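Novice: Please read through the structure below; I'll follow up with questions.
The values are calculated or read from the model by the stated rules, or taken from the named source; none is laboratory data. Only a predicted model underlies this, so the values are computations on that prediction, with no experimental measurement involved. Positions of Cβ are generated from backbone atoms using ideal geometry, with glycine treated the same way; all protein chains shown enter the neighbour counts. Just the protein is used for accessible areas: all its heavy atoms, side chains included, with ligands, DNA and RNA removed. Shrake-Rupley method; radii C 1.70, N 1.55, O 1.52, S 1.80 Å.
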Amino acid sequence: MPTILVVDDDADTCRNMADLFGDLGYAIDTAEGGDIALEKARQQPYDLGLLDLRMPGMDGLTLCRHLKLLRPGMVNLIVTGYPGDGLNEEAHAAGVSKVLHKPLEFPRLLAQVAEALAQPN
């Protein structure tokens with residue numbers, strides 16, 4: 001099963017995502033910030049990252065840039081409640097596969113994750 005790294009500064013979001021994807025058989029790891037996520041990615045590879053856009057310290061786009069250098073085959077999705085003009089373009093330039101907007105509908109989230117994981121790297 002694919003491995004997913006969920007990165008969000010909200011512990012409840014991390015826990016909920018871990019429960020959801022874990023129940024579906026995915027191997028899940030969580031991090032409550034970009035620095036923690038990078039340390040975990042240095043220790044093991046992940047197939048997919050679900051990255052919150054706005055976090056204290058390192059934001060999701062900066063994290064994605066670092067992850068792309070560290071783990072070029074990792075697919076990253078940005079999750080945000082703050083869509084803005086030019087976000088999709090900036091995200092794609094950072095190496096993000098897709099921008100997902102909160103509130104997330106779980107059936108759609110699952111479909112987006114499955115689609116992202118099916119993409120050739």
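Novice: Sort largest first and round to whole Å: the equivalent ellipsoid semi-axes of the chain, each the square root of five times a Cα gyration tensor eigenvalue.
Specialist: 18, 16, 15
Novice: What is the percent carbon and sulfur in the accessible area of the chain, measuring with a 1.4 Å probe over the protein chains and ignoring ligands?
Specialist: C and S atoms contribute 50 percent here.
Novice: What FRET efficiency comes out for Arg108 versus Arg42 if R0 is 35 angstrom and r is the Cβ-Cβ distance? Round to the nearest 0.05.
Specialist: E(calc), rounded to 0.05, equals 0.65.
Novice: Could you work out the relative contact order of the range 30-106? I mean the mean sequence separation of Cα pairs under 8 Å and 6+ apart, divided by the number of residues, in percent.
Specialist: 28
Novice: So with the 1.4 Å probe, I'd like the accessible area per residue for the range 41-100, rounded to whole Å².
Specialist: Spelled out: the 1.4 Å probe surface of the range 41-100, per residue, equals 48 Å².
Novice: Determine the percent antiparallel among the DSSP beta bridges restricted to the range 1-119, to the nearest 5.
Specialist: On the way: 0 of 18 bridges.
Antiparallel bridges: around 0 percent, rounded to the nearest 5.
Novice: On a full-extension model of 0.36 nm per residue, what is the gain between His101 and Asp10, subtracting their alpha-carbon distance, rounded to one decimal in nm?
Specialist: Working: separation 91, 0.36 × 91 = 32.76 nm, distance 1.60 nm.
Extra length available between His101 and Asp10 comes to 31.2 nm.
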